[in-house]
Amino acid sequence: MSEGAAWLAAQGVALDALDDRLQLGEDLVLVGRSKAFRRTVEALLQIARHDVTVLVEGETGTGKELVARALHQLSGRCRGPFVEINCAALPGELAESELFGHLKGAFTHAFDRRVGLVAEAHKGTLFLDEVASLPLPLQAKLLRFLQSGEYREVGSNRSQKADVRVVAAANVPLLSAANEGHFRSDLYYRLAVFRIAVPALSERPEDIAPLARHFLDRHAARLRLPPSCLSMEALARLERHAWPGNVRELENRLQRALVQKPGTELGAEDLFEDLEAPAAAAALAGSGCFRDQKAAALRSFELQYLQNVMRRSRGNVSKAAREAGLHRRALTALLAKHGLKREAFLSREASELKSSHS
């Protein structure tokens with residue numbers, strides 16, 4: 001048992017030997033058994049109890065907010081507030097006010113004093129989601145707060161203090177953004193005291209079955225519906241899908257199918273009707289000859305297969321070719337045919353290393 005796992009067990013939290021799930025609360029469950037999932041959980045357990053800034057990185061829909069909530073729940077601040085800010089949704093002209101608050105009369109329509117989200121998070125955790133979206137001037141003020149714990153409300157010349165642990169999340173390689181001048185490099189290094197990478201669902205296909213079971217049970221209980229199960233065909237289809245929307249897409253597909261057919265065995269057509277119905281309709285409508293329809297289906301299959309195999313190999317063309325049973329030159333030709341570039345599938349670490357040397 002690792003140091004982090006031993007500490008968690010001492011807190012009386014159900015760990016299930018990192019088999020399928022990490023249950024931290026009624027609505028806070030991390031599900032998975034893959035090596036990629038275990039690395040994320042081990043990193044979470046290692047740092048949760050230490051009061052340092054954490055940067056959570058991963059594609060949209062991978063569960064970065066869930067990791068941030070787990071960090072809060074396992075920390076000494078768990079009795080304090082968990083305040084979430086979607087930085088991409090902050091209106092540019094009011095972003096500073098939302099974050100730090102403002103005094104009455106500080107600007108037009110500031111009819112009353114407003115307490116900012118930093119003050120609301122006092123003694124707790126402040127989660128900055130999509131932190132790369134913050135305007136550069138506000139990044140400088142956030143950096144000052146991280147360094148000193150002090151901030152100023154808009155319209156005030158007096159500094160105030162807030163005791164806050166900051167957890168930030170980014171769905172783009174933040175170091176690359178810093179190297180390109182879109183994000184302050186000093187703020188990046190201040191946020192990335194400790195980094196946790198959340199893998200894409202395509203990188204953890206062995207987690208699809210336990211995740212599906214968890215989501216079906218959870219939403220059946222929440223909606224008071226009889227539970228549904230998956231056919232073998234449906235599970236196989238789930239495991240073949242490219243998952244551009246990651247875990248969020250999986251949950252949404254399962255929830256929709258459950259509502260439409262509660263208490264039944266769900267088939268592949270119940271989960272992917274939005275993708276399969278248009279293709280079937282076009283074929284039945286007779287638009288195009290058999291050869292054209294077959295070519296279109298083959299192109300769709302090739303694209304999805306190539307995306308999956310390149311994600312699993314993290315952009316390593318030779319490794320992908322071995323898995324596909326193709327010569328490297330043949331796979332390279334297929335990638336070019338579909339306009340796929342290996343750089344799009346590089347692991348985050350390799351991408352950042354490449355950027356740092358460019």
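Structural remarks
- Filter result (assigned to a helix (DSSP H, G or I) and under 25 Å from E239 (Cα atoms)) within segment 25-52: K35, A36, F37, R38, R39, T40, V41, E42
- Of all the residues in segment 305-345, those that are open to solvent by less than 40 Å² (accessible area, probe 1.4 Å) and either aromatic (F, W, Y) or in contact (Cβ under 8 Å) with a residue 40 or more places away in the chain (or both) number 2.
- Answer residue from segment 202-217, given it is touching a residue at least 60 places away in the same chain (Cβ under 8 Å) and not polar (S, T, N, Q) and is surrounded by the fewest Cβ atoms within 10 Å (Cβ to Cβ) among those: E206
- Among the residues examined, N179 qualifies as over 23 Å from N308 (Cα atoms), touching a Ser or Thr at 6+ places or on another chain (Cβ under 7 Å) and among the polar types (S, T, N, Q).
- Checked against the criterion of being open to solvent by 40 Å² or more (accessible area, probe 1.4 Å), touching a Ser or Thr at 6+ places or on another chain (Cβ under 9 Å) and either not aliphatic (A, V, I, L, M) or not in a strand (DSSP E or B) (or both), the candidates P199, P226 yield just one match: P226.
- Any hit, segment 133-148, residues being surrounded by fewer than 17 Cβ atoms within 10 Å (Cβ to Cβ) and within 28 Å of D27 (Cβ to Cβ): no
- Yes/no for P81 being over 20 Å from A192 (Cα atoms), open to solvent by 30 Å² or more (accessible area, probe 1.4 Å), modelled with pLDDT under 80 and under 26 Å from the mean Cα position of the chain (by Cα): no
- Scanning segment 152-172 for residues that are buried (at least 21 other Cβ atoms within 10 Å of the Cβ) and at pLDDT 90 or above yields V164, R165, V166, V167, A168, A169, A170.
- Answer residue from segment 180-196, given it is surrounded by fewer than 17 Cβ atoms within 10 Å (Cβ to Cβ) and assigned to a helix (DSSP H, G or I) and is farthest from the chain's Cα centre (by Cα) among those: D186
- Qualifying residue in segment 93-107 (condition: modelled with pLDDT of 95 or more and open to solvent by less than 60 Å² (accessible area, probe 1.4 Å)): no
- Positions within segment 245-271 being buried (at least 17 other Cβ atoms within 10 Å of the Cβ), without any contact (Cβ under 8 Å) to a residue 60 or more places away in the chain and part of a helix (DSSP H, G or I), in sequence order: L250, E251, R253, L254, Q255, A257, L258, A268, D270, L271
The values are calculated or read from the model by the stated rules, or taken from the named source; none is laboratory data. Keep in mind the model is a prediction, meaning the values are calculated, not measured. A quick note on method: Cβ atoms are made from the backbone with ideal geometry, for glycine too, and the neighbour counts reach across all protein chains shown. In case anyone asks, the SASA skips ligands and DNA or RNA and just uses the protein heavy atoms, side chains included. Shrake-Rupley method; radii C 1.70, N 1.55, O 1.52, S 1.80 Å.
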